[in-house]
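Participant: Before anything else, here's the structure in question.
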Amino acid sequence: MENKTLKRLPVGIQTYEKLVDNDCLYIDKTEFIPKMIAHSSYIFLSRPRRFGKSLLVSTLQAYFEGRKDLFEGTYIGGVEKEWTAYPVLKFSMASAKHIDAAQLHRFLNSMLEREEQKWGITTPKHDANDRLQDLILTANRQTGKKVVVLIDEYDAPLLDVSHIGSLLSEMRQIMRNFYSPLKDCDPYLQFVFITGITKFSQLSIFSELNNLKNISMNPEFAAVCGISEEEIRTQMADYVEDYASVNGITAEEAMNELKGQYDGYHFAWPSPDIYNPFSLLNAFQDRTLNSYWFESGTPTFLIEKLREFHVSPSDITRIEVMSSAFDAPTESMRTITPLLYQSGYVTIKDYDRISRLYVLDIPNQEIRIGLMESLLPNYVDAYWETGLSTVAR
């Protein structure tokens with residue numbers, strides 16, 4: 001292979017501006033921006049953890065702030081003519097994990113205070129919903145433009161308590177109260193984008209926000225997160241060559257290895273093959289295959305749900321479900337299938353349009369091995385400890 005200077009891989013970078021400033025490789029997803037805007041002013045997107053949701057939110061923030069300088073060479077940089085700068089309120093719930101109701105109140109207050117300082121609000125309202133509404137109205141009044149609201153990982157405070165009914169109910173009510181102004185503030189809002197892993201009931205969490213469009217299984221947006229095989233071959237060919245050279249194999253052999261290990265995701269049908277971006281980027285950086293996605297953390301909520309539904313990870317294989325299964329809210333689901341799909345442990349492998357029957361299965365080798373080596377020991381240990389304590393009593 002000819003020696004080439006490869007751009008830095010954006011491993012761990014979730015901020016679009018930082019990615020550009022550091023001249024990192026960027027897999028151009030900006031073609032989806034005008035598609036989303038045309039689709040709806042209120043959008044919800046569900047994808048598994050570490051699939052690029054936060055980077056997408058950050059990219060939308062830069063676009064709506066009119067940061068034309070950051071989009072040179074991208075699709076949107078070539079087609080956008082106006083570059084209107086809107087006021088943007090961006091909230092990330094990602095840090096609100098493993099907390100109780102009192103801590104959630106403090107988290108929301110701290111998050112709102114940072115935004116209030118940006119807009120010069122010195123005498124904030126008391127409740128979180130009133131403070132959010134005041135922020136929207138203040139930003140609109142000061143700029144004369146409608147406001148963009150971006151909410152990343154909306155369900156982070158709820159996931160780890162999803163198996164504790166009383167606490168989940170209390171936490172859900174707090175979040176419902178926080179999101180409630182998004183309906184009444186419609187005249188002042190330009191665009192609302194919300195991401196998460198799971199589908200907690202939209203009616204209970206987002207109150208009367210019945211115009212929220214869920215694009216999670218829309219084929220038009222199947223590749224909005226993750227990396228498609230076409231993107232690898234057209235935008236990452238030099239990294240494939242580098243990986244192949246270090247491992248003493250051909251580029252096509254390298255593609256076959258990477259495909260078997262990290263490919264196989266489909267979030268709609270039809271859909272291009274989608275690779276896990278976190279694992280793929282790490283594999284290119286280290287020039288070796290590894291279970292990077294599993295090493296980044298085993299979700300507690302999934303272990304608890306496996307136990308609740310008495311499912312062993314070894315039982316997770318080829319599942320047939322009706323399309324209605326994907327609409328089951330997390331807090332009232334009767335099987336673990338929707339959570340396994342939303343969390344990325346199974347994916348769509350086939351679909352029959354007549355019967356509306358989906359076939360779900362493990363996406364690739366990383367997940368197959370990880371389920372046995374990572375999730376299974378955690379599940380068995382927890383089950384064994386419970387059994388011992390029961391015997392002791």
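Participant: Within segment 149-165, is even one residue buried (at least 16 other Cβ atoms within 10 Å of the Cβ), touching a Phe, Trp or Tyr at 6+ places or on another chain (Cβ under 7 Å) and assigned to a helix (DSSP H, G or I)?
Facilitator: Yes, that holds for at least one residue.
Participant: Scan segment 299-313 and report the pairs whose first residue is more than 19 Å from D155 (Cα to Cα) and touching a residue at least 24 places away in the same chain (Cβ under 8 Å) and whose second residue is open to solvent by 30 Å² or more (accessible area, probe 1.4 Å) and not charged (D, E, K, R), with Cβ atoms within less than 6 Å and a gap of 6+ or a chain change.
Facilitator: E308/H163; P313/L376
Participant: Give the residue, chosen from S216, S166, that is small (G, A, S), out of contact with any Lys or Arg (no Cβ under 7 Å at 6 or more places or on another chain) and free of Cβ contacts under 8 Å to residues at least 40 places away in the same chain.
Facilitator: Just a single option satisfies the conditions, and that option is S166.
Participant: State the number of residues belonging to segment 240-260 that are touching a helix residue (DSSP H, G or I) at 6+ places or on another chain (Cβ under 8 Å) and either of a type in the set (V, I, T) or open to solvent by less than 20 Å² (accessible area, probe 1.4 Å) (or both).
Facilitator: 8
Participant: Also, quick follow-up: Being touching a helix residue (DSSP H, G or I) at 6+ places or on another chain (Cβ under 7 Å) and among the charged types (D, E, K, R) is the filter; apply it to segment 69-98 and report the residue that is least open to solvent (accessible area, probe 1.4 Å).
Facilitator: Among them, the one singled out is K90.
Participant: Among the candidates R114, R176, R141, which residue alone is part of a helix (DSSP H, G or I) and surrounded by 16 or more Cβ atoms within 10 Å (Cβ to Cβ)?
Facilitator: R176
Participant: Can you find, within segment 164-185, the residue that is farthest from N129 (Cα to Cα) among those that are of a type in the set (G, A, S) and modelled with pLDDT under 90?
Facilitator: G165
Participant: Looking for something at pLDDT 95 or above, on the phi > 0 side of the Ramachandran plot and either open to solvent by 70 Å² or more (accessible area, probe 1.4 Å) or not acidic (D, E) (or both) - is there at least one such residue anywhere in segment 1-22?
Facilitator: no
Participant: Six or more apart or on different chains, Cβ under 7 Å: which pairs go from a residue in segment 75-86 that's closer than 15 Å to I37 by Cα and among the hydrophobic types (A, V, I, L, M, F, W, C) to one that's loosely packed, with under 13 Cβ neighbours inside 10 Å and modelled with pLDDT of 95 or more? Could you list them?
Facilitator: Qualifying pairs under 7 Å: none.
Participant: A follow-up question, please. Those residues that are out of contact with any Lys or Arg (no Cβ under 8 Å at 6 or more places or on another chain) and among the small types (G, A, S), I need them from segment 65-111; list them, please.
Facilitator: Selection gives G66, G73, G78, S92, A94, S95, A96, A101, A102, S110.
Participant: Checking R287 against (1) surrounded by fewer than 17 Cβ atoms within 10 Å (Cβ to Cβ); (2) free of Cβ contacts under 8 Å to residues at least 24 places away in the same chain; (3) under 25 Å from K259 (Cβ atoms), only one condition comes out false. Which one?
Facilitator: Result: R287 fails condition (2) only.
Participant: Can you spot a residue in segment 91-107 that is over 28 Å from L19 (Cβ atoms) and of a type in the set (D, E)?
Facilitator: yes
Matching residues to (1) under 17 Å from the mean Cα position of the chain (by Cα); (2) touching a residue at least 24 places away in the same chain (Cβ under 8 Å); (3) assigned to a strand (DSSP E or B):
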| residue | (1), (2), (3) |
| --- | --- |
| N210 | no, no, no |
| C225 | yes, yes, no |
| A268 | yes, yes, no |
| A283 | no, yes, no |
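Participant: Scan segment 348-370 and give yes if some residue there is open to solvent by less than 10 Å² (accessible area, probe 1.4 Å), touching a helix residue (DSSP H, G or I) at 6+ places or on another chain (Cβ under 7 Å) and part of a strand (DSSP E or B), otherwise no.
Facilitator: Yes, that holds for at least one residue.
Participant: Hey, another quick one. Any idea which of (1) assigned to a loop (DSSP other than H, G, I, E, B); (2) within 30 Å of L168 (Cβ to Cβ); (3) of a type outside the set (D, E, K, R); (4) out of contact with any Leu (no Cβ under 6 Å at 6 or more places or on another chain) is the one I27 doesn't satisfy?
Facilitator: (2)
Participant: Return the residue satisfying two criteria in turn: it lies in segment 308-336 and is open to solvent by less than 20 Å² (accessible area, probe 1.4 Å) and of a type in the set (V, I, T), and of such residues it is modelled with the highest pLDDT.
Facilitator: In this case the residue turns out to be V321.
Participant: Here is a follow-up. For segment 325-333, check the following and say yes or no: at least one residue is more than 26 Å from K213 (Cβ to Cβ) and outside any loop (DSSP other than H, G, I, E, B).
Facilitator: No, segment 325-333 has no match at all.
Participant: Counting just the residues of segment 30-43 that are open to solvent by 50 Å² or more (accessible area, probe 1.4 Å) and assigned to a loop (DSSP other than H, G, I, E, B), which one comes out nearest to L182 (Cα to Cα)?
Facilitator: Taking the candidates together, the pick is S41.
The values are calculated or read from the model by the stated rules, or taken from the named source; none is laboratory data. The structure displayed is predicted, hence computed values, not measured ones. Cβ atoms come from the backbone with ideal geometry, glycine included; neighbour counts cover every protein chain shown. Ligands, DNA and RNA are excluded from the accessible area calculation, which covers all protein heavy atoms including side chains. Shrake-Rupley method; radii C 1.70, N 1.55, O 1.52, S 1.80 Å.
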